[in-house]
Amino acid sequence: MMAERNEAQEYVLAMARESNVKFIRLWFVDILGNLKGFAITVEELEDALTKGVVFDGASIEGFTRISETDMVAMPDPSTFRILPWRPKENAVARMFCDILTPDGQPFPGDPRFVLKRNLQRAAKKGFTYYVGPEIEFFYLKGLDDLKPLDRGDYFDQLSIDPTTDMRRDTVLTLREMDISVKYSHHEGAPGQHEIDLQYTDALTMADHVMTARTVIKEVAYRHHHYATFMPKPFGDVNGSGMHIHQSLFSGEDNAFFDDKDPYKMSHIGKRFIAGLIKHAPEITLVTNQWINSYKRLVPGFEAPIYISWAWINRGDLIRVPAYKPGRPDSVHIEYRAPDPSCNPYLAFSAMLAVGLAGIDGEYETPPALEKSASHMTEDERREMGIRQLPQSLWDATGHAERSGVLAEALGSPLLETLIQNKKIEWDKFHSHITDYELQRYLPML
């Protein structure tokens, strides 16, 4: 354990004094991406920074071990931020933590450590992994009135709409926490909105996604409404996705850029796409981890169904947005399967791992589609070898269970725990009698 303070820790202690911080929330996530944490007083901050804080890991999903339950939360000083929605007097700050075992080793079941390990693997190959998510969500009237808060459509701008103020307050709050927002707007369904975070490295972005989800909910609560990241809360409108824009950089250079290619996409970029295409069914359990996730991945609601890619086309699983002349950094890919309820640390890890597998294995990239796979006949798709994403949580669990690349990316113990958790979830759902069944079958059987 660390005994002496370094420069980053000294900075945190100074900021806490200057900002009149009285409490510090130590944040981390469980295997499912739920935000967890506990608060310490400012008097305990110095010890927490140098020694960490011991807590009971047995109560956290995916943290239980047979022979030990104590874990150590080691704060990351670079993530120290004041929580703007708390009073300025007796202020409250937060830091994300890395989870360690009592002997000071990284805990293999910590999603943040899993992402760090995958990023280190990329770094050894000379790459930095950058991502930019589009976070979609619904504003509802309240937990006691689960109806969309507005009747808007794409890009609607109505000053009388209360959601406009909520989005504005959310963006301003995120800015206070040094999280840059690219843009925000109303999405296609009533009550549905989108906030896009500015491109940055994957570890910082995973922390940003967890913070953004918290801020979105906090702001909605303070406006006496409710925000949800449930992928498909309403059956007759689009569900919420979290499209992930991503690229690899080698130093200051975009490894996906090739000026000689007609679309400016390098062989490295194309092989990264090939890795995502080949292993998409295996990582879907991570990018779409709930039973409800698969209610979104159905025909007719703009979500990807088939495993295909295209230049610019917005209907495929993977698209390559248009190149901006004179901007080599603009070349990237967009993976459209994930939804906003995923664990971002594990989702980024999985996408990076299969992309690197495509590069290392020199996978052949299938032809880009000129016609969306959803507009093809079944025979046309079969002839082109176009597969479908898993259609249920059970289906996705089977693909993940057989995946060597996912086991390597997440670590076999964590993946086994995740699969066990999802099998239990499926069993509970599978035995549940739904309203549909009662309304459909009781009158006729």
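With respect to the conditions (1) farther than 28 Å from residue 25 by Cα; (2) surrounded by 17 or more Cβ atoms within 10 Å (Cβ to Cβ), residue 128 falls short on a single one, namely (2).
Would you mind stating whether residue 329 is of a type in the set (D, E, K, R) and in a loop (DSSP other than H, G, I, E, B)? Walk me through how you get there before you give the answer.
Numbers: of a type in the set (D, E, K, R): yes; in a loop (DSSP other than H, G, I, E, B): no.
Spelling it out, it is not the case that residue 329 is of a type in the set (D, E, K, R) and in a loop (DSSP other than H, G, I, E, B).
Taking each residue of the range 342-366 that is under 27 Å from residue 207 (Cβ atoms) and looking for partners that are small (Gly, Ala, Ser) and not in a helix (DSSP H, G or I) with beta-carbon atoms closer than 6 Å, six or more apart or interchain, yields 343/33. No other residue among 312, 277, 268 is surrounded by fewer than 24 Cβ atoms within 10 Å (Cβ to Cβ) and free of Cβ contacts under 8 Å to residues at least 24 places away in the same chain apart from 312.
The combined condition, being over 20 Å from residue 129 (Cα atoms), surrounded by 15 or more Cβ atoms within 10 Å (Cβ to Cβ) and assigned by TED's automatic domain parsing to the domain that holds residue 231, is fulfilled by residue 397.
Listed here are the residues, each with its yes/no results for (1) of a type in the set (Ser, Thr, Tyr); (2) part of a strand (DSSP E or B); (3) over 21 Å from residue 205 (Cβ atoms).
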site	(1), (2), (3)
289	no, no, no
298	no, no, yes
310	no, yes, yes
315	no, no, yes
334	no, yes, no
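Taking the range 316-330 as the search range and keeping residues that are touching a Pro at 6+ places or on another chain (Cβ under 9 Å) and at pLDDT 90 or above, which one is nearest to residue 241 (Cα to Cα)?
Keep residues of the range 316-330 that are touching a Pro at 6+ places or on another chain (Cβ under 9 Å), which gives 316-318, 330.
Retained after the next criterion (residues that are at pLDDT 90 or above): 317-318, 330.
Working: 317: 12, 318: 13, 330: 22 Å.
Out of the qualifying residues, it is 317.
Considering every residue within the range 254-263, establish whether at least one is in contact (Cβ under 8 Å) with a residue 60 or more places away in the chain, more than 27 Å from residue 275 (Cβ to Cβ) and outside any strand (DSSP E or B). No, there is no match, as no residue in the range 254-263 is in contact (Cβ under 8 Å) with a residue 60 or more places away in the chain, more than 27 Å from residue 275 (Cβ to Cβ) and outside any strand (DSSP E or B). In summary, residue 320 fulfils each of the numbered conditions (1) among the aliphatic types (A, V, I, L, M); (2) in contact with a His (Cβ under 9 Å, 6 or more places away or on another chain); (3) on the phi > 0 side of the Ramachandran plot with the single exception of condition (3). Listed conditions (1) in contact with a helix residue (DSSP H, G or I) (Cβ under 8 Å, 6 or more places away or on another chain); (2) surrounded by 17 or more Cβ atoms within 10 Å (Cβ to Cβ) are all met by residue 83, apart from (1). Only one of the listed residues (385, 361) is surrounded by fewer than 21 Cβ atoms within 10 Å (Cβ to Cβ) and at positive phi. That residue is 385.
Restricted to the range 1-36, and to residues there that are surrounded by 17 or more Cβ atoms within 10 Å (Cβ to Cβ) and of a type in the set (Gly, Ala, Ser), the residue that is nearest to residue 288 (Cα to Cα) is 33.
In this structure, does residue 310 turn out to be in contact with a Ser or Thr (Cβ under 6 Å, 6 or more places away or on another chain), modelled with pLDDT of 90 or more, closer than 30 Å to residue 251 by Cα and not acidic (Asp, Glu)? No; evaluated as a whole, the condition is false for this residue.
What strands (runs of 3 or more DSSP E) lie completely within the range 44-126 and have 3 or more residues being in contact (Cβ under 8 Å) with a residue 12 or more places away in the chain and closer than 30 Å to residue 356 by Cβ? Walk me through it before giving the result.
Working: elements: 53-56, 70-75, 91-100.
Result: 70-75, 91-100.
Does residue 352 satisfy being modelled with pLDDT of 95 or more, surrounded by 12 or more Cβ atoms within 10 Å (Cβ to Cβ), assigned by TED's automatic domain parsing to the domain that holds residue 275 and touching a Pro at 6+ places or on another chain (Cβ under 7 Å)? So residue 352 fails the test.
The values are calculated or read from the model by the stated rules, or taken from the named source; none is laboratory data. Not measured: the values here are computed from a predicted model. When we count neighbours, we look across all protein chains shown, and the Cβ atoms used for this are built from the backbone with ideal geometry, even at glycine.
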